[in-house]
Every structure is written in C-alpha cells, then in structure tokens.
Amino acid sequence: MQNLNVGLIGGGFMGKAHSLAYAAMPMFFWPAPALPVRKVIAEANEDLASEAARRFGFEKSTSDWRSIIDDPDIHVVDIATPNHLHAEIAIAAAEAGKHIICEKPLARTGEESKAMYDAVKDKNLVHMVAFNYRRTPAVALAKKYIEEGAIGRILSFRGTYLQDWSADPNSPLSWRFQKSIAGSGALGDIATHVIDMARYLVGEFSAVNAVLSTWIPERPLQSGGADALGTVRGGEGPRGQVDVDDEVMTMIRFANGAVGSVEATRNAYGRNNYITFEIHGTEGSIVFNYERRDELQVCFASDPGDRRGFRTVYTGPAHPYGDGLWPIPALGIGYGETKIIELTTSSRPLQKAAVSARVLPTDTRWPSLTTQSSSPLRRNRGSRFSRSTVDQTGGAAVPPLRPGTGTAEDAQIARDNCQPRRSASLANASVYRKTRAGSGASGSTRQAAVSEQKRRRMPRIHGLR
Ligand SMILES: NC(=O)c1ccc[n+]([C@@H]2O[C@H](COP(=O)([O-])OP(=O)(O)OC[C@H]3O[C@@H](n4cnc5c(N)ncnc54)[C@H](O)[C@@H]3O)[C@@H](O)[C@H]2O)c1
C-alpha cells in the first residue's frame, strides 16, 4: 500500500475536517486506496501553523504555503483556505505537478475558475472540488435509484440549503461577508453544494435565473483572532459593509428537459444545516433532508394504490459506501463520514497517480475541477477505457470495461459504492466485495448483514412491502 503525502493549506474548520478524514480513512475503508501521510500543514502565521500541526497530527508546519508547493515529497496539495487563495494556490500547485483537492466554492469568479481549470487540464493531474454532501450514502443511493430508472424520467428537482448562523445582525463581518475574499455569499458558500447535487442527480443546467438579496448590509468588524464561521464576536465598535448576498433563489432548466430550483440562505432562524431535495419523476419521488441523513424517503408509482406513499430507507451496509462504514443501518452517518468518503474516493486516482510518477492516462483522470459532477449526461457519452488496470486497493486485477459501457469513473464509483450499475461494473464491484469480505475484520454480525443483503439484492426498506 502506497503512502500519499499530503500538504494541507488552512487549518480552520475545513482543516480539521480534512485532517480527521485523512487519519480515519484507513480505519473505515480497508484495504485503503492509499495511506495518507499528514506531512505538512500551512497556516497564516507560525503560531497557528505549529498549533495546527500538533492538533491535527502533521509532521511539519509552515507559515508559507509556497514551501508546500516547492516540496518534492508532497503528492497532494489540499486547499482549505478562504476562497480568495484558492486560484493562486491551485495554479501554483498545478505548475509544480501536484495533484489538487480544493474546497468549494472553486474560486471567487468564473474567470478564476477557468484559469484554474486551464492550469490543470493538459497536465494529467488529479484534481477535484470538495463537494462532500454528494457522498452522503443516502444521496448516493438516490443517484443509484435514478440511474436504475426507479423513479422514471426526472421532471423536477427542488433543492434548499438553509442555515441561521448569520441571522443575528451582530454576528461579525467574517471573511464570508466580504466579496474580495469570499466572492459571493450564500450562493458560493452553501448553494454550491445543492447545485452540485442537482448536477450529480439530474444533469447539467441549460438555463438559470436567480434573485439575490442582502438582508444585513453592515456587521461589526471582528475583534481579532482566527475566524470560524463568525464565532469571533465583533465588539460594539465600528461596523463594515457586507457586499455579498445573504439569500439566493434560482429557477433552473436542465439540459434533459427537467425543471428545478435551488434556494439558499444563512438567515433562516431555526434551520441549521437544512440541505434538502425533492425529486419527482414519472414513476416516483425521492426526498432527502441532511438533518436526517441516514434516511431516504421514496415513493414508487408501481406500488398498489392503497399502499402508495412515502416510505423510509435507512442507509447501511447494503447501500453506497456501506462496506466501509458502520455495520448496522441508521447507526449514524455524520459530517466526518462524508469527508472520509470524499477523500477515499479521491484517493484512489490520487494513489494511482502517485505510483505512476504523477502521470495518469487521460481516461483515468478524476473529473475536472469544473466538471466534477458525474452527471448522467456525461456518463452516457461512453468511454475509451478498455484495458485492464491493477486495482491498487487490493492488488486484484480489475477486469476491463467493454468500450462504451461506462467511464473509468463509473468503474471506480461502482467499486466505491459496492453496488452494481452496469454489467461490467458488477464484475468490478464483485472483485472489490471479495477483497473486502476476505479482510474479515468486522466479525460475524457485519458479515451476516452483508450476506443477507447480497442474497436479497434489495435495499433494506422499512415500511410496507
Ligand atoms: N465542504 C464543506 O462542507 C465546507 C464547509 C465549510 C467551509 N468550506 C470551504 O473551505 C474553505 C475554508 O473554510 P473554513 O470554514 O475552514 O474557514 P476558516 O476561516 O475556519 O479557516 C480558514 C483557515 O485558513 C487560514 N489561512 C488564511 N490565510 C492563510 C494562508 N495564507 N496560508 C495558510 N492558511 C491561511 C486561516 O487562518 C484559517 O485558519 C472555504 O473555501 C470554504 O468555502 C467547505
């Protein structure tokens, strides 16, 4: 198993989440795609950097992120800084031949994002945006149901991301309220996650319109210290101008003809991390609420009329990522788990890149910074990927995909999900299941649960039928 040397830039909220995920990844997903080594963390000054290194388990610290770029030992540059630094760091990392994980939003503007994409696109680098919420098993399960046609043709998607942490006019003017640093407000900060889910589950957008509002135009200047979602309180003193949106509402037309909406606000008293979507299709509906993230609500038109209604599927071992997570449905998926899954799925191509001297065949590149969404539209274009590759996760030879049966990403995600989607992917998924079953570390309860679900090949559904 190869080491994957990580240089993390930014030791705040996301620095904590990414560090936890690097440490925990092999504890959940074993054999791990790679063994992440927390090599070096950069922070804004020496004190913050050395504290972050001790706290998050990094070997070294630095107050100069450029030293990470220049460090030949580093395979992956992980960008977890405020948004204004994303483009500069990512472009420097790409020029140095480093693989890149970048927090969302990708950048402050479309121009910055395009420059980042241009910097990586011809370099055979692995690069991804950290959209972790799509990795919630219930969201991946919704994707599986949609791909299997369980709800027919998609008619509409309604998504929300509602929070209340900035509803108080006295919450301070953190970087998230400053356009020069953040680029945008609720739109880039939180709506991006739901936009990503809409693209992941339904497809690319063909038309969008939106209204934006700023409800609180001035906020107290921060009284110093490192910001964490505005928890460093402002004083009674001077206020500064907010020049980003507090709320955004959009109307969307998808390229496949579906319609939709995405709404986001950080001023909704009573809402905490209220990420929801409701998808209606010609054969059923799917509903998700992150605040009840072990559950997926489904309703199928094929149910007898006197039994038709929403039922709850509790995600567990039978579902996407189930082999790596907890052995009992509804035991509890948290924010940390979504980050662990995110870094596991990204580490597979990253690990392959590391062992092949940082050169990847085009076909096996991770989806690009700007097109990380693996929408059905992109999937259906087919693939030139048709040769055997070595599965670095377990040393097993992965059977080749037939041309046109799916992308390399499909095969990878099939393994990640341990759920067959297409015949060739099923072969890959079986190899992975066998490898994992052979590890036998989790005892008889989990093995019994997995075999029962394999035998039935059915999601565990609580309710009628
Ligand atoms: N995927 C998610 O769910 C999610 C959640 C929150 C934040 N984010 C994104 O993660 C990024 C970071 O957000 P956060 O909440 O961790 O912010 P934060 O303010 O908590 O942390 C940012 C850290 O970067 C450090 N920093 C600033 N300048 C630096 C520099 N020059 N070199 C090194 N470090 C520097 C700051 O000192 C701070 O500790 C943002 O892009 C944000 O949008 C993503």
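Readers should treat all values here as calculations from the given coordinates under stated rules, not as data from a laboratory. Note that the coordinates shown come from a computational prediction; the quantities given were computed from them, not determined experimentally. Here the Cβ positions follow ideal geometry from the backbone for every residue, glycine too, while neighbour counts run over all protein chains shown.
Worth a mention:
- For segment 6-34 versus segment 60-119, the gap between their alpha-carbon centres in whole angstrom: 17
- Estimated inter-spin distance, L155 and D64, nm [label 7 Å along Cα→Cβ]: 6.1
- Exceedance of the 25 Å cut-off in Cα-Cα distance is limited, within the set K98/K339; K123/K179; K39/K339, to K123/K179.
- Spatial extent of segment 3-131: Rg and Dmax, with the Cα atoms as the point set, Å: 13.8, 40
- Fully extended contour minus Cα-Cα distance, from S180 to D306, at 0.36 nm per residue: 39.7 nm
- Descending principal axes extents, segment 1-61, alpha-carbon based, whole Å: 37, 19, 15
- About the centre of its Cα atoms, segment 153-281 shows a dipole size close to 240 debye [charges on the beta carbon of Lys, Arg (+1) and Asp, Glu (-1) only; nearest 20 debye].
- Amide N of segment 165-196 lying under 16 Å from the label point, which is placed 7 angstrom from the Cα of A44 along Cα→Cβ: 172-183
- Dipole magnitude (debye, nearest 20) for segment 3-131, charges at Cβ of Lys, Arg, Asp, Glu: 420
- A straight Cα-to-Cα reach below 16 Å connects K16 with the aspartates and glutamates E43, E51, E59, D78, E103, D227, E337, E342, residues fewer than 8 places away in its own chain not being considered.
- Charge dipole (Cα centre; +1 on Lys/Arg Cβ, -1 on Asp/Glu Cβ; no other charges) of segment 234-313 amounts to roughly 200 debye.
- Straightening the chain between E278 and E204 buys 24.9 nm, computed as 0.36 nm per residue apart minus the Cα-Cα spacing.
- At 1.567 mPa s and 4 °C, Stokes diffusion of segment 251-313 via Kirkwood alpha-carbon radius, µm² per second: 94
- Cα extents of segment 98-238 along the three principal axes, largest first (Å): 57, 38, 29
- Long-range tail of P(r) for segment 133-202 (Cα pairs > 21 Å, %): 41
- Potential lengthening between A115 and A330 on full extension [0.36 nm per residue; Cα-Cα distance subtracted]: 73.2 nm
- Near D78, once Lys and Arg are set to +1 and Asp and Glu to -1 for all other residues with Cβ below 12 Å from its Cβ, the sum equals +2.
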